[in-house]
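Visitor: This is the structure, below, for whatever I ask next.
The values are calculated or read from the model by the stated rules, or taken from the named source; none is laboratory data. Note that the structure is predicted; figures quoted are calculated from it, not measured. Here Cβ is always computed from backbone atoms with ideal geometry, including for glycine, and neighbour counts include all displayed protein chains.
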Amino acid sequence: MLLDSKFPLRVTALVLLCLCPAAASSDVDSLPHYASVRREQAYLREGPSYANRILWIYRHKNYPVKIIGSYDAWRHVRDSEGATGWMHHTQLSDRRSILFIGAVKTTLHRDDDPRSKVVAYAAPGVVAWLKACEPSVCEVEASGIDGWVDRRNIWGVEAGEVFQ
């Protein structure tokens, strides 16, 4: 399908959604949601096909992304820096990971009490597995160390998201 650049983006997106329904999957029913990069190298493309230009190559397995849309076997994703593009579903995993953000190291505590013993420090850019979230803290695991972290210091969790 060739898209005419004269159409406003909203109309183009509407036409794509109406004429080309996404494949039935849990991704479509639960948008948006977070996922992680499955491979050591994954490609973010300009559009939902292998013919589209590669915008970015992710070279970090388990890097978190937010799935914001779906078309056939392709997922429209956004990363922690706001870059958006399309990735084939085979390059993604539903396993949740997070990215430590900020300018300084973040403390990981033994339990969900911020006064509990510090078990580790995580530098900005470290990727960890997400295990659970409470209103202000999340439990993560990195390099075999479990700890609780202030959710303001991580990317990969929605505001107010709580789960065990």
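Visitor: Run residue 160 past the list (1) assigned by TED's automatic domain parsing to the domain that holds residue 36; (2) at pLDDT below 95 and report the number of the one that doesn't hold.
Guide: (1)
Visitor: Still on this structure, I have one more. Mind checking which residues of region 117-143 are farther than 19 Å from residue 163 by Cβ and exposed (fewer than 14 other Cβ atoms within 10 Å of the Cβ)?
Guide: 117, 118, 121, 123, 124, 125, 143
Visitor: List the residue pairs whose Cβ atoms are under 6 Å apart, where the first residue sits in region 81-109 and is free of Cβ contacts under 8 Å to residues at least 24 places away in the same chain and charged (D, E, K, R), the second is assigned to a strand (DSSP E or B) and surrounded by fewer than 19 Cβ atoms within 10 Å (Cβ to Cβ), and the two are 6 or more positions apart or on different chains.
Guide: Note: pairs meeting the criteria are 105/121.
Visitor: Name the strands (runs of 3 or more DSSP E) wholly inside region 48-100 in which the number of residues that are touching a Ser or Thr at 6+ places or on another chain (Cβ under 8 Å) and not aromatic (Phe, Trp, Tyr) is 1 or more. Walk me through how you get there before you give the answer.
Guide: On the way: elements: 54-58, 64-71, 74-78, 84-88, 97-100.
Because the criterion is at least 1 residues that are touching a Ser or Thr at 6+ places or on another chain (Cβ under 8 Å) and not aromatic (Phe, Trp, Tyr), the strands (runs of 3 or more DSSP E) in region 48-100 that meet it are 64-71, 74-78, 97-100.
Visitor: Residues that are touching a helix residue (DSSP H, G or I) at 6+ places or on another chain (Cβ under 6 Å) and either acidic (Asp, Glu) or not in a helix (DSSP H, G or I) (or both): does region 112-128 have at least one?
Guide: Step one: list which residues in region 112-128 are touching a helix residue (DSSP H, G or I) at 6+ places or on another chain (Cβ under 6 Å), which gives none.
No, there is no match, as no residue in region 112-128 is touching a helix residue (DSSP H, G or I) at 6+ places or on another chain (Cβ under 6 Å) and either acidic (Asp, Glu) or not in a helix (DSSP H, G or I) (or both).
Visitor: Here's another thing I want to ask about it. Consider region 33-46. How many of its residues are touching a Gly at 6+ places or on another chain (Cβ under 8 Å), surrounded by 15 or more Cβ atoms within 10 Å (Cβ to Cβ) and part of a loop (DSSP other than H, G, I, E, B)? Explain how you work it out, then say what you get.
Guide: Our first condition is that a residue be touching a Gly at 6+ places or on another chain (Cβ under 8 Å); within region 33-46, this holds for 34, 44-46.
If we keep only those that are surrounded by 15 or more Cβ atoms within 10 Å (Cβ to Cβ) too, we end up with 34, 44-45.
Next cut, part of a loop (DSSP other than H, G, I, E, B) only: none.
Number satisfying all stated conditions: 0.
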